[in-house]
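Trainee: Have a look at the structure that comes next, please.
Readers should treat all values here as calculations from the given coordinates under stated rules, not as data from a laboratory. From a predicted model like this one, the values you see are computed outputs, not experimental measurements. Every residue, glycine as well, gets a Cβ built from its backbone with ideal geometry; the counts of neighbours run over all protein chains shown.
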Amino acid sequence: MNDAFNQILQDRYSGSLTVANRMLDFFQQVIANGEKNKTALDELFEEVHQASKSLIKAQPNMVIIRRVWNQMQATFKRLLKSEAIPDDFYRILHDRVGEIRSELQENIAKIVHMGAKVIAASNKVMTISASTLVREILLTTHRQKRRFEVFVPKSDPLAEGIRFAEFLAAEGIRTTLIPDSQVGVFMADMNLVFTGADRIYERGFINKAGTLPVCLAAKHFNVPVYLVAETMKILPESERTVKFH
């Protein structure tokens, strides 16, 4: 595993969609290197399998990572059973990475389009952590020339909120960074809350630390909470244990 992959493995800031796209970048790089070095398909499979296994163990709640790997694994297994020549299987793998990426991008565009409609002019919006989808919704709304304000808790223990607030402010969005302990104080003035999710299951969803207090405060003050997430993040309770075969 190279330095680029180790950076993905150690990333505790980015949202799961960003991590999934970086995972696809890694797959593309491994496949390109394999094509250049004429690596056997079974060796190529083992390299991406071990990398994916490490990433899923490092981020067990990021369901989309598992979904992306499952799709790539199915393609690898189909090729291993086929009689495709090397040039064909490299092309098929490259194409599969592109198809998965396109599917993600199309779904993101649909969610962002719908999410941006929720924010009205002069709204005050609270969000927690650093969701890729929430970021894109806020940026899209800003580009539509609607004025609004975002309140971002610090999001301890990793403090993702600091970088997220700095990013939004740099884009020209009026942003206020608040202590996690003051969520309830500010919530009374909010119009809505956006949150991302790493995993959705029958009884709720899993997101970064601090999401539950934000949602409970919103419920107390009758502030609507919008969960923005890809359907690929749905994982039933019965499938929550990470297994490799």
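Trainee: If the only charges are +1 at each Lys and Arg Cβ and -1 at each Asp and Glu Cβ, what is the size of the charge dipole of the stretch 127-221 around the Cα centre, to the nearest 20 debye?
Mentor: 280 debye
Trainee: Distance in nm between label sites at E83 and K53, each 7 Å beyond Cα in the beta-carbon direction?
Mentor: With each label point 7 Å from Cα toward Cβ, the separation is 3.1 nm.
Trainee: I would also like to ask the following. Which semi-axis lengths, in whole Å and largest first, follow from the square roots of five times the eigenvalues of the Cα gyration tensor of the stretch 31-146?
Mentor: Each semi-axis is √(5λ); the values are 38, 16, 11 Å.
Trainee: Follow-up. At 1.002 mPa s and 20 °C, plugging the Kirkwood radius over alpha-carbon pairs of the stretch 112-233 into Stokes-Einstein gives what diffusion coefficient in µm²/s?
Mentor: The diffusion coefficient I find is 151 µm²/s.
Trainee: A further question follows. How large is the convex hull of the C-alpha atoms of the stretch 1-43 per residue, in Å³?
Mentor: Taking the convex hull of the Cα positions in the stretch 1-43, it is 71 Å³ per residue.
Trainee: Right, next: Once you charge only the Cβ atoms, +1 for Lys and Arg and -1 for Asp and Glu, what is the size of the charge dipole of the chain about its Cα centre, to the nearest 20 debye?
Mentor: It comes to approximately 680 debye.
Trainee: While we're on this one: Once the dipole of the stretch 3-106 is set up with Lys and Arg at +1 and Asp and Glu at -1 on Cβ about the Cα centre, which of I31, T75, A51 lies farthest towards its positive end?
Mentor: Of the candidates, A51 comes out farthest on the positive side.
Trainee: Run through the stretch 1-99 and list the GluC sites (Glu not before Pro) located in a DSSP loop whose Cβ has at most 13 other Cβ atoms within 10 Å.
Mentor: Within the stretch 1-99, the qualifying GluC sites (Glu not before Pro) (loop, at most 13 other Cβ atoms within 10 Å) are E83.
Trainee: Still on this structure, I have one more. For the chain, calculate the relative contact order in percent as a whole number, restricting contacts to Cα pairs under 8 Å that are 6 or more residues apart.
Mentor: Averaging sequence separation for qualifying contacts and normalising by length gives 20 percent for the chain.
Trainee: Which cross-chain or sequence-distant (5 or more) residues have an amide H under 5 Å from the amide H of D11, H modelled 1.01 Å from N in plane?
Mentor: Answer set, sorted by chain and number: none.
Trainee: Another one. Rounded to the nearest 500 deg cm²/dmol, what is the calculated helix-only ellipticity per residue at 222 nm for the chain, with -39500 (n - 2.57) per DSSP H run of length n ≥ 4?
Mentor: -18000 deg cm²/dmol
Trainee: Which distance in Å, rounded to a whole number, links the C-alpha centroids of the stretch 153-204 and the stretch 1-51?
Mentor: First find each Cα centre; the distance between them is then 30 Å.
Trainee: Moving to a separate point now. Among DSSP beta bridges lying fully in the chain, give the percent that are antiparallel, nearest 5.
Mentor: 15 percent
Trainee: Something else: Could you grab the Rg to Rh ratio for the chain? Cα atoms only, Kirkwood for Rh.
Mentor: Answer for the chain: 1.03.
Trainee: What is the sum of charges around V225, taking Lys and Arg as +1, Asp and Glu as -1, for the other residues whose C-beta is under 15 Å from the C-beta of V225?
Mentor: +3
Trainee: Here's a follow-up. Please express the shape of the stretch 127-177 as an equivalent ellipsoid: the semi-axes are the square roots of 5 times the eigenvalues of the C-alpha gyration tensor, given largest first in whole angstrom.
Mentor: That gives 19, 10, 8 Å for the three semi-axes.
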